[in-house]
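K.L.:
This structure is in structure tokens; I'll ask about it shortly.
The values are calculated or read from the model by the stated rules, or taken from the named source; none is laboratory data. This structure is a prediction, so every number in the text was calculated from the model and none was measured. Glycine gets a Cβ as well: all are built from the backbone with ideal geometry, and neighbour counts include every protein chain shown. In case anyone asks, the SASA skips ligands and DNA or RNA and just uses the protein heavy atoms, side chains included. Shrake-Rupley method; radii C 1.70, N 1.55, O 1.52, S 1.80 Å.
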Amino acid sequence: MNTFEPKIISSLKNYSKKKLIDDLVAGLIVAIIALPLSIALAIASGVGPEKGLYTAIVAGFVIALFGGSNVNISGPTAAFATIVAGIVANEGIEGLVIATVMAGILLIIFGICRIGSLIKYIPHTITVGFTSGIAVTIIIGQLKDFFGLSGGGAIETIEKLEMVVKNFSTFSLPSFIVGAVALVILIIWPKISKKIPGSLIVVLLGAVVVNVFSLKVNTIGDLYQISSSLPMPSLPTISVEKVLHLLPDAFTIAILAAIESLLSCVVSDGMIGDKHNSNTELIAQGLGNVCSGLFGGIPATGAIARTAANVKNGGRSPVAGIFHAIVLLLILVVLMPYAAWIPMPIIAAILLMVAYNMSEWRHFLDICKTSHITDIIVLVVTFLFTVIFDLVVAIAVGLALSLVFYLAKKIFSAKTKKN
């Protein structure tokens, strides 16, 4: 298998009108799903809501065009929210652009060096640990808007939790009711319809109710300046000092993007009986992140839920991913100003559901019940370090612990054989 061989080349051979229609329908549905998620994830990342759409449009288009999977859909995902928020708070938007572009370059290098096949050797306990940890950090980060609390400025997860406890006296009943009703709808909606995303329903319903009844609930427009302008390229001021300072963040983004994207590819392969090219996918993810950073977006990766929706709705070639990006571009230009009406508790409810769905809590408990003590230690330590510190520290400590336990096991096994 070649290092760089975009799937679109082979998928367009024997391409038919029926396949085109199926791809366009799937792309349209995925775009509708991606719209509220992209806005919510951008806000959770500490940037303007339009930057989530920039990411889904630019990175989604580039990765679909050059990717190693027929059906992978890429864009902003929850895994990056806390990392990006920390970079923005400490280094500003310019720092985020540099880190995102650097991460893209690292991903391209990973692909060229054929590291794609090695990613699968990262211990499963580490990926479950930091995924569950990220879910908890997202939940804690949304409590302020869900309960309508005052205050802000906290960056670290523990600081956010302390702020929630300290300011809980500013609890807003209208905000809580709006958020709670939205959460209930999101939970029960899949039983009503699997075609129309519940997130779109609560966004539309919440915007209408809050504005018609003039409820005292913060909206996106109250907190952010909305822009419907097209994403335009912009070069940050780069220095050796900045590059070295942001390298750990860029490396974390690259590793996480590689793991999540290839995991998404593996899942979709099983759904359609296909086989992706992991190194091509890494190169495409790198190109997508470089372009996303330069065009004002945030880090992107393969999104498992959106990819699954693409497959279930008939998408079978990269054309679906390309069309999903085009639809989002049209929505950005035409409908983005109305995003100002969306209530913040609705955004919080959507992200709470995203966090729950990605938490893997059942898998977490299963590992704790059935696995060896060393695996449990790696899992729990990675989880706690993700919540208390950050993902960089968590992955480093998790890998170090795994290596120590692996070497200890080898040494013990060798001594046992001698005896």
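K.L.:
Answer yes or no as to whether residue 11 is open to solvent by less than 50 Å² (accessible area, probe 1.4 Å), hydroxyl-bearing (Ser, Thr, Tyr) and farther than 25 Å from residue 338 by Cβ.
P.N.:
Yes: the conditions hold for residue 11.
K.L.:
Another question, then. Do you know which residues across segment 92-112 are over 16 Å from residue 294 (Cα atoms), open to solvent by 30 Å² or more (accessible area, probe 1.4 Å) and touching a Ser or Thr at 6+ places or on another chain (Cβ under 9 Å)?
P.N.:
112 - this is the single residue of segment 92-112 that is over 16 Å from residue 294 (Cα atoms), open to solvent by 30 Å² or more (accessible area, probe 1.4 Å) and touching a Ser or Thr at 6+ places or on another chain (Cβ under 9 Å).
K.L.:
Identify all residues within segment 170-187 that are aromatic (Phe, Trp, Tyr) and in a loop (DSSP other than H, G, I, E, B); write none if there are none.
P.N.:
171
K.L.:
Of all residues in segment 147-165, how many are in contact with a Ser or Thr (Cβ under 6 Å, 6 or more places away or on another chain) and touching a residue at least 40 places away in the same chain (Cβ under 8 Å)?
P.N.:
Residues meeting the conditions: 2.
K.L.:
For segment 303-419, which fully contained helices (runs of 4 or more DSSP H) count at least 2 residues that are more than 30 Å from residue 222 (Cα to Cα) and either polar (S, T, N, Q) or at pLDDT below 95 (or both)?
P.N.:
Filter on segment 303-419 gives 304-312, 361-370, 373-388, 391-418.
K.L.:
Further question: Which ones in segment 278-302 are touching a Lys or Arg at 6+ places or on another chain (Cβ under 7 Å) and assigned to a loop (DSSP other than H, G, I, E, B)?
P.N.:
296, 297, 298
K.L.:
Look at residue 215 and say whether it is part of a helix (DSSP H, G or I), open to solvent by 50 Å² or more (accessible area, probe 1.4 Å) and out of contact with any Leu (no Cβ under 7 Å at 6 or more places or on another chain).
P.N.:
Against the criterion (part of a helix (DSSP H, G or I), open to solvent by 50 Å² or more (accessible area, probe 1.4 Å) and out of contact with any Leu (no Cβ under 7 Å at 6 or more places or on another chain)), residue 215 does not qualify.
K.L.:
When both residues are 6+ apart or on different chains and their Cβ atoms are under 7 Å apart, which pairs have a first residue that lies in segment 322-347 and is closer than 14 Å to residue 29 by Cα, and a second that is in a loop (DSSP other than H, G, I, E, B)?
P.N.:
Close Cβ pairs (under 7 Å, with a partner that is in a loop (DSSP other than H, G, I, E, B)) amount to 324/73.
K.L.:
With respect to residue 141, determine if the residue is open to solvent by 30 Å² or more (accessible area, probe 1.4 Å) and modelled with pLDDT under 95.
P.N.:
For residue 141, the condition - open to solvent by 30 Å² or more (accessible area, probe 1.4 Å) and modelled with pLDDT under 95 - is not met.
K.L.:
Mind checking which residues of segment 190-208 are surrounded by fewer than 18 Cβ atoms within 10 Å (Cβ to Cβ) and assigned to a helix (DSSP H, G or I)?
P.N.:
Answer for segment 190-208, where residues must be surrounded by fewer than 18 Cβ atoms within 10 Å (Cβ to Cβ) and assigned to a helix (DSSP H, G or I): 190, 191, 192, 200, 201, 204, 205, 208.
K.L.:
Looking only at segment 62-91, which residues are more than 27 Å from residue 390 (Cα to Cα) and either surrounded by 24 or more Cβ atoms within 10 Å (Cβ to Cβ) or of a type in the set (Asp, Glu) (or both)?
P.N.:
Listed by number, the residues that qualify are 62, 63, 64, 67, 68, 69, 70, 71, 72.
K.L.:
Condition test on residue 166, is it open to solvent by 80 Å² or more (accessible area, probe 1.4 Å) and under 22 Å from residue 136 (Cβ atoms)?
P.N.:
So residue 166 passes the test.
K.L.:
Among the candidates 296, 315, 302, which residue alone is out of contact with any His (no Cβ under 8 Å at 6 or more places or on another chain), open to solvent by less than 10 Å² (accessible area, probe 1.4 Å) and within 21 Å of residue 256 (Cα to Cα)?
P.N.:
Within the list 296, 315, 302, the selection yields 302.
K.L.:
Taking the residues in segment 340-379 that are hydroxyl-bearing (Ser, Thr, Tyr) and more than 16 Å from residue 37 (Cβ to Cβ) as candidates, determine which candidate is most open to solvent (accessible area, probe 1.4 Å).
P.N.:
Going through the qualifying residues, I end up with 370.
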